[in-house]
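Comments concern the structure below.
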Amino acid sequence: MLQHKKILLGVTGSIAAYKSALLARELQRRGAEVRVIMTPSATEFITPLTLATLTGHRVYSDFTENKDSGEWTNHVELGLWGDLFLIAPATAQTLSAMVAGTCDNFLMAVHLSSRCPVIAAPAMDLDMFQHDATQTNLKTLQKRGVPIIEPESGPLASGLDGKGRMAEPETIADWLESWFQSQAPLAGKKVVMTAGPTHEPIDAVRFIGNRSSGKMGFALATALKQSGANVHLISGPVQLSDPLGVHVTRVETAVEMHAAALEAFKTADIGIATAAVADFRAKSSASEKLHRNEMPAAIELHENPDILADWGKQKRNDQLLVGFALESDDGVNSAKSKLERKNLDMIVLNSTADPGAGFGTDTNKISVFEQNGNSHIFELKSKEEVAQDIVQLIQIQLQQ
Ligand SMILES: Cc1cc2nc3c(=O)[nH]c(=O)nc-3n(C[C@H](O)[C@H](O)[C@H](O)COP(=O)(O)O)c2cc1C
């Protein structure tokens, strides 16, 4: 959840300021971009040089950059840059200044001008933390929508023992991940999706399959997860590793995929069928490898269950169903007919006739048709970008 997130890290004058160095590193390790702002007092606890070296960016602590030339640092621009302003550690003084709207240092100016959410992780001695003034300030900030990352209990720099230690960098990073997750557009939505091909056995080593690589489905699972959804991916045999944070069930055959998909759809908000499921399986298969002279002249086929059609029959009014259609011609008519026949809300059409689209490629070109009559034609893009487009359309559908 922290991937590519722009985090302004405000550091104030607490002994816990040394932990800001570890915090900056942890946020970066999880994919965030970090810029540090320090109060003048914080620079007495940890040097700007340390934080600038660790983050790879200059540290902001003063309004003016060069007093002779009159160059100044634009606090408004910096405030607009961040997706989040995290003040960690936040001293009693800074918390009180935040409540009062004081603007007597650079950090406080960014606090007033930033439009992004502000989160504070207090750090102070136990009596300072328990003081009515501090507790009232924390409550006021929370009422204004500033979440507080609670300090922990333990030995304090003063030699006392109690609540006031700033939360550990890992705990703060975990907290932020959950927070971003809760703010994400698909937060709380349960998605079940299928991906990849299925393998229908003929004997112990041979199967009926197709060229699906699973790349589109896996890219979509990743994009949905990044939008906050809880994703259950049911995948046929593919050479891809599990997308981060996605619950993956691996299956071989259409019958296995059908059973897992129907079960999971019961509790899902959204069903998405990207798998290229074999329409037929061999009526019987050998448990041993058949030798050349044992192979039948013809393989009798048996129809596989239709996962998408069965999802469509099971679909409740509060569920959204998205299908994929892969065609070898322009395919618009057959995609639109599948949309109706299988009771879908949306169908994504891709055609092997389009260069760079379809199975095995890293790119795709899609057209999307919706039950409400809307249609969207997209250019050839990477499968990751295509996944973002589909997630956006799903979000719009959910708002309708
Ligand atoms: C050694 C030392 C440690 C301090 N630790 C803290 C602390 O953990 N929390 C706190 O609220 N104030 C602490 N203070 C007091 C603040 O540094 C002081 O209130 C300062 O004005 C805070 O300014 P700022 O919030 O603008 O950074 C400490 C002071 C000293 C000298």
Checklist entry - Roughly how compact is the range 140-283, stated as its Cα Rg over 2.2 N^0.38 Å to two decimals? => result 1.53
Item to check | Within the range 57-156, chymotrypsin sites (Phe, Trp or Tyr not before Pro) in DSSP loop having at most 14 other beta-carbon neighbours inside 10 Å | outcome: Phe63
Checklist entry - Which whole-angstrom value gives the distance between the alpha carbon centres of the range 241-261 and the range 331-366? => result 22 Å
Checklist entry - Expressed as a whole percentage, what fraction of the accessible surface of the range 1-146 belongs to carbon and sulfur atoms when a 1.4 Å probe is rolled over the protein heavy atoms? => result 51 percent
Checklist entry - Taking amide hydrogens as modeled 1.01 Å from N in the peptide plane, which residues meet the under 5 Å criterion relative to Ala90, leaving out close sequence neighbours? => result Ala121, Ala123
Item to check | Lys, Arg +1 and Asp, Glu -1 on Cβ, resulting dipole of the chain about Cα centre, debye, nearest 20 | outcome: 360 debye
Next on the checklist: Cross-link candidates for Lys189: which aspartates and glutamates have Cα within less than 13 Å, leaving aside residues fewer than 8 places away along the same chain?
Outcome noted: Asp269, Asp318
Item to check | Solvent exposure of the chain as accessible area per residue, Å², 1.4 Å probe | outcome: 48 Å²
Checklist entry - Rounded to the nearest 20 Debye, what is the dipole magnitude of the range 190-399 about its Cα centre when Lys and Arg each give +1 and Asp and Glu each give -1 at the C-beta? => result 240 debye
Checklist outcome for this item: Over all pairs of different Cα atoms in the range 190-399, the reciprocal of the mean inverse distance gives a Kirkwood radius in Å of 17.5 Å
Checklist entry - Given Lys190/Lys313; Lys190/Lys225; Lys190/Lys365; Lys342/Lys383; Lys315/Lys342; Lys6/Lys225, which pairs have Cα atoms separated by over 21 Å? => result Lys190/Lys365; Lys342/Lys383
Checklist entry - Assigning unit charges at the beta carbon (Lys, Arg +1; Asp, Glu -1) and nothing else, what dipole magnitude in debye, to the nearest 20, does the range 1-46 show about its Cα centre? => result 240 debye
Checklist entry - Along the principal axes of its C-alpha atoms, what lengths does the chain span, in descending order and rounded to whole Å? => result 87, 43, 40
Item to check | Computed Kirkwood radius, in angstrom, where 1/r is averaged over Cα pairs of the range 6-183 | outcome: 16.2 Å
Checklist outcome for this item: In whole angstrom, largest first, the equivalent ellipsoid semi-axes that the Cα gyration tensor gives for the range 177-259 are 30, 11, 9
Item to check | Ellipticity estimate at 222 nm from DSSP helix runs (n ≥ 4, -39,500 (n - 2.57)) divided over the chain, nearest 500 | outcome: -10000 deg cm²/dmol
Checklist entry - Any idea how far apart Arg115 and Thr249 come out in nm if each label point goes 7 Å out from Cα toward Cβ? => result 4.4 nm
Checklist entry - Which whole-angstrom value gives the distance between the alpha carbon centres of the range 153-201 and the range 71-91? => result 23 Å
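The values are calculated or read from the model by the stated rules, or taken from the named source; none is laboratory data. Predicted, not measured: the structure shown is a model, and the values here were computed from it. FYI the Cβ positions are ideal-geometry reconstructions off the backbone, even for glycines, and counts take in every protein chain you see. All accessible areas refer to the heavy atoms of the entire protein, side chains included, with ligands and DNA or RNA removed. Shrake-Rupley method; radii C 1.70, N 1.55, O 1.52, S 1.80 Å.
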